[in-house]
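Chemist: Shown below is the structure under consideration.
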Amino acid sequence: MSFTDKSYVFEAGMHNQKKVIWIRFERNQELSNYLQANTKAWWSSSVLAWYVTDCRHYRELFGLEQSIVGKEVINKIHPVNFPAFVRFQEQLKLKGYSENTIRTYSIEFAQLLYILKSFPVETLTPERLRSYFLYCHAKLKLSESEIQSRINAIKLFFEHVLHRNKMFFDIPRPKKPLTSPKMLNRNQVKKVMNVLDNKKHRLILKLCYGMGLLVSEVVRLKLTDIDSVTMLMRVEQAKGKKDRVMILPQSVFDELRTYYLEFKPKSFLFEGQNGGQYSIRSVQAIFKSAMKKSGITKNIGIHGLRHSYATHLLEAGTDISFIQELLGHKSLKTTQINTRVSSAAKSNIKSPLDSL
């Protein structure tokens, strides 16, 4: 039995001012038991139907189409340019980009379409595009990285959808400023972990730091990914859409066992209130709250734990090529950007002059 057979009928809707998915089926105890065993569904006595929260997990479970960008983005695109927007999204899907990349590129491309209104995007000239990017710089005050992202999206449309490879020949890219990665020192990492009383929250951040995981990777971890015998954990379809095997920190093994017995996750290691994988936003909020509680005022996001992991490995003498493999980087240059030696470690470096 599965949710994709014809026994169940699903319909997106609203209930108590919240987005839900209505689940209808002929009265059948087996179907009812299967639904309650595999979802966190509620019964509505007013509508006389079962329903679950409308989220990515249930849409995937029920075989429903995922919405990459919301109506607030789509509704602002003029009908003249909407077919171009659809073709652009289809091309991104065919190229196998991640959902996050498709969402980012879609929003960036949509910004151009908002400006154009009823002017067909296909008729833009290189000079008009150049003027648009000058507008992004002078009027919108976009940063170098934001303009880079917008150029990438629009360039992909013209080159891969319209096959116009010379559209960007005379459009220079802004030079990216070289900035050091934001990170925490060991004492700060310890403070962040110690202020968390919730076992699930603490374990999530420990794995982010202790294994150098991206937040998107930690929420996708499944129970079947853990090998307690070899102390290894498989990160499925990780950075670069490649599986990689990570060393499970010895210090979290007992915590993992205690967490499992208390929370009893079914599939994903960390599950949300409605089942399915924990949301990325929730993990980001956990880190932000922990930073505030610990009194650390650095302007840093949860990705900083990954930078900290890499830097602390480097300071401990780990070969940078091993760090590259653990982080899942294709290029060693990317690893070098993600790591830096801390001031404390630098103070231990002796000038060759001192040995003369």
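Where a number appears in this text, it was derived from the coordinates with a stated rule and is not lab data. Computed from a predicted structure; not experimentally measured. When we count neighbours, we look across all protein chains shown, and the Cβ atoms used for this are built from the backbone with ideal geometry, even at glycine.
Chemist: Rounded to whole Å, give me the distance from the Cα center of segment 35-113 to that of segment 264-317.
Modeler: 25
Chemist: Among (1) 62, 43, 41; (2) 87, 63, 35; (3) 70, 45, 37, which one is Cα extents along the principal axes in Å computed from these coordinates?
Modeler: Correct label is (2).
Chemist: Between Asn274 and Arg87, 0.36 nm times their residue separation minus their Cα-Cα distance comes to what?
Modeler: Using 0.36 nm per residue and subtracting the Cα-Cα distance, I get 63.9 nm.
Chemist: Sketch the reach of a paramagnetic label on Ser216 as a point 7 Å from Cα along Cα-to-Cβ, and name the residues of segment 86-127 whose backbone nitrogen lies under 16 Å away.
Modeler: Residues passing the 16 Å test: 92-108.
Chemist: Just to verify a number: FRET efficiency for Ile74 and Lys139, C-beta to C-beta distance, R0 = 30 Å, to 0.05?
Modeler: 0.75
Chemist: How high is the relative contact order of segment 186-344? Use alpha-carbon pairs under 8 Å, at least six apart in sequence, and give a whole percent.
Modeler: For segment 186-344, the relative contact order is 27 percent.
Chemist: About the Cα centre, and with charges only on the beta carbon of Lys, Arg (+1) and Asp, Glu (-1), how big is the dipole of the chain? Nearest 20 debye, please.
Modeler: 1040
Chemist: If we count every other residue with Cβ under 10 angstrom of Phe268's Cβ, Lys/Arg +1 and Asp/Glu -1, where does the sum land?
Modeler: Net charge around Phe268: +1.
Chemist: What percent do you get for the relative contact order of the chain when only Cα pairs under 8 Å and 6+ apart count?
Modeler: 13
Chemist: Moving to a separate point now. What order do you get for Leu314, Leu162, Leu48 when you list them from fewest to most C-beta neighbours inside 10 Å?
Modeler: Listing Leu314, Leu162, Leu48 from fewest to most nearby Cβ atoms yields Leu48, Leu162, Leu314.
Chemist: OK, next. Given the peptides 16-25, 266-275, arrange them by the average over their residues of other C-beta atoms within 10 Å, most packed first.
Modeler: Packing proxy ranking, top to bottom: 266-275, 16-25.
Chemist: Right, another one. Out of segment 93-189, which chymotrypsin sites (Phe, Trp or Tyr not before Pro) are coil in DSSP terms and have no more than 10 other C-beta atoms within 10 Å?
Modeler: In loop regions of segment 93-189 (DSSP not H, G, I, E or B), the sparsely surrounded chymotrypsin sites (Phe, Trp or Tyr not before Pro) are Phe169.
Chemist: Further question: Between Ala49 and residues 5 or more places away or on another chain, which pairs have amide H atoms under 5 Å apart, with H built 1.01 Å from N, and which residues are they?
Modeler: Ser44
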